[in-house]
Amino acid sequence: MLKLENVSFSAQTENGESVEIIDNINLEIDDGDFVVITGPNGGGKSTLARLIMGIEQPTSGRIYYKGIDITNLPVNERAALGIGYAFQQPARFKGLTVRSLISLAHGSELPENECCSYLTRVGLCSMDYLNREVDTSLSGGEVKRIEIATLMARDLGLAIFDEPEAGIDLWSFSMLVESFKQMAKAGDKTIIIISHQERLMSIADEIIVIADGKLTKRGPSSEIFTELIGEFNKGCSFRGENDEEN
Amino acid sequence: MKKIDIKDFGMLNKIADLYELPKEGAFNIRLNSQSAARQNSKNVEIISKTDKSGIDIKVKSNTKGEKIHIPVVINESGIEEVVYNDFYIGDNCDIEIVAGCGIHNDGCNTSRHDGVHAFHIGKNSKVSYTEKHYADGENTGKKIMNPETVVNVGENSECIMEMIQIGGLDSTFRNTVASLKDGAKLVITERLMTDNDQRADSDMTVNLDGFDSSAQIISRSVGKGNSVQVFKPNAIGNNACKAHIQCDSIIMDKAKISSVPEITANHPDAMLIHEAAIGRINNDQLLKLMTLGIAEEDAQDVIIQGFLK
């Protein structure tokens, strides 16, 4: 189980003011659950994910994973416990090939066919990519899919994907949705996806809404998704008027 | 003739990937200023120079698929030498040359190898050249290499050069001058690592004299400790040609790196580009590797090894 207890995170602005980005969040996610975290831009979703991975340290509160207090553990030690994070904007590496990166993720040199299978699952034609460097010669969408493949290559207990849909074309996205479905079906890992994508929300067990640094809603995907659509229609006069006309 | 000891293969392996004497192909292994082993092949003849130290390597036209090894090892402290190696490569060849120099200096005297290589490449040939430089030793004796390389690439020939300094050299001054004929292509990849109080200078001048000639110069370096690196590549377009210079350096600790790429166009159809960047290891790269379970120091090594690979 992943447990966040009174977790807050504040950051300093350029003017030296303190801004509360995550505001006293309490959250428990059971092993094997498939959760989508959604909410408005700037609401604190990515920060929450980064706090779980250890990329940011909470200002106050504790984080537990499988009963272990991981609040003060560095990123690599959390990774060793089986936590993985796919960055929203993945790093690029001069000189490091796709195959090396996926092998590093796996923890040992991967045979070509296994490496290829991970790339295929994210919609990349593997033979074209294996020996390419993960540098600026790759497009944003390509590097994003390789990032997701690095999580698939790991033996994880908790996989966090930060907006996996961003920069990915429609066709590859369909394949990605299928891969997430399979991952969820296997049920061996907890999956947290930060997303605005309704197709991802619709296949999740649960949806959590984070807004203004607070957890504002949580429930089964079917319920929350309908509520969110309703709120959107209410909040958007243009769509509301159109709907009435129709 | 000096005999090669089994322990010499430790160094030969590092600089030329040799575990044993090559079964096929021509080679000359220079050990402590003397030729320790040599073999000619049907198409490649290696001849000792009579007027100065060094060898002539003559490759017949139409030689294909042959690998030539000419590594140098110095493991006696205090040897200082200037060696002249001239390569005469005929037309329509496709060959690979593995050079490399290793200094092991456990003494307190300076060991120095200044290798002057001149390549004369004929027409329609392809030459791959790899040169790895490495030094180690526990004592105060300096380890120095000053390679000088002259490359003349003939019409429609291609020369691919990899020049690697793995580490351990106190001082190196590298000077490379290349001239390209019509349709000739040159790719130089330079990879260099310095640490402690080491210093490395690399000057490179590529004269693109021929019509449709092209050059690509990639320089990647890592500076650690108090080391100093200075790069001065210059591509001179004297005809309709293309050249791209790319210098990238990772700077660590208290190192100092200076990158001075220069491009000179003496012809309106010369297309020349230079790019240079110096910076610390990117924090996003470190974080990504740490999220894979790799500790920060090991992650730095992975990034550096990949960068210099």
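Values in this text are rule-based calculations from the coordinates and carry no lab data. These figures come from a predicted structure and were not determined experimentally. Methodologically, a virtual Cβ is constructed for each residue, glycine included, from the backbone with ideal geometry; neighbour enumeration extends over all protein chains shown.
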How many residues are among the charged types (D, E, K, R), in a strand (DSSP E or B) and either within 14 Å of chain A (Cβ to nearest Cβ) or closer than 30 Å to residue A:107 by Cβ (or both) when one looks only at segment B:234-289? 2
Does segment B:57-78 hold any residues that are under 30 Å from residue B:7 (Cβ atoms) and either hydroxyl-bearing (Ser, Thr, Tyr) or part of a strand (DSSP E or B) (or both), and which are they? B:57, B:66, B:67, B:68, B:69, B:72, B:73, B:74, B:77
Of (1) surrounded by 15 or more Cβ atoms within 10 Å (Cβ to Cβ); (2) closer than 29 Å to residue B:136 by Cα, residue B:88 fails just (2)
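Among the listed residues B:107, B:100, B:90, which satisfies the condition of being under 17 Å from the mean Cα position of the chain (by Cα) and touching a residue at least 12 places away in the same chain (Cβ under 8 Å)? Don't jump to the end; show me each part of the working.
Details: B:107 fails: under 17 Å from the mean Cα position of the chain (by Cα); B:90 fails: under 17 Å from the mean Cα position of the chain (by Cα).
Checking each option against the conditions leaves just B:100.
From the set of residues in segment A:55-69 that are part of a loop (DSSP other than H, G, I, E, B) and either more than 20 Å from the chain's Cα centre (by Cα) or of a type in the set (A, V, I, L, M) (or both), which is nearest to the other protein chains (Cβ to nearest Cβ)? Even if it seems obvious, please write down each step before you answer.
First pass over segment A:55-69, keeping only residues part of a loop (DSSP other than H, G, I, E, B): A:55-59, A:66-67.
With the extra rule that they be either more than 20 Å from the chain's Cα centre (by Cα) or of a type in the set (A, V, I, L, M) (or both), the set shrinks to A:55, A:59, A:67.
On the way: A:55: 6, A:59: 20, A:67: 20 Å.
Among them, the one singled out is A:55.
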Given the condition within 14 Å of chain A (Cβ to nearest Cβ), part of a strand (DSSP E or B) and of a type outside the set (S, T, N, Q), answer yes or no: does some residue in segment B:199-214 qualify? no
Could you give me the residue pairs with C-beta distances under 6 Å whose first residue belongs to segment B:184-212 and is farther than 17 Å from residue B:264 by Cβ, whose second residue is among the basic types (Lys, Arg) and not in a strand (DSSP E or B) wherever it lies, and which are 6+ apart or on separate chains? B:195/B:224
Take the residues of segment B:126-161 that are under 15 Å from residue B:81 (Cβ atoms) and basic (Lys, Arg): which is nearest to the chain's Cα centre (by Cα)? B:143
State which residue pairs qualify: first residue within 11 Å of another protein chain (Cβ to nearest Cβ) and without any contact (Cβ under 8 Å) to a residue 60 or more places away in the chain and inside segment A:70-81, second residue hydroxyl-bearing (Ser, Thr, Tyr) and surrounded by 17 or more Cβ atoms within 10 Å (Cβ to Cβ) in any location, beta carbons under 8 Å apart, and separation of 6 or more residues or different chains. A:75/B:291; A:76/B:291; A:78/A:65; A:79/B:291
Considering (1) farther than 22 Å from residue B:163 by Cβ; (2) more than 14 Å from chain A (Cβ to nearest Cβ); (3) outside any strand (DSSP E or B), say which one residue B:297 fails and leave the rest. (2)
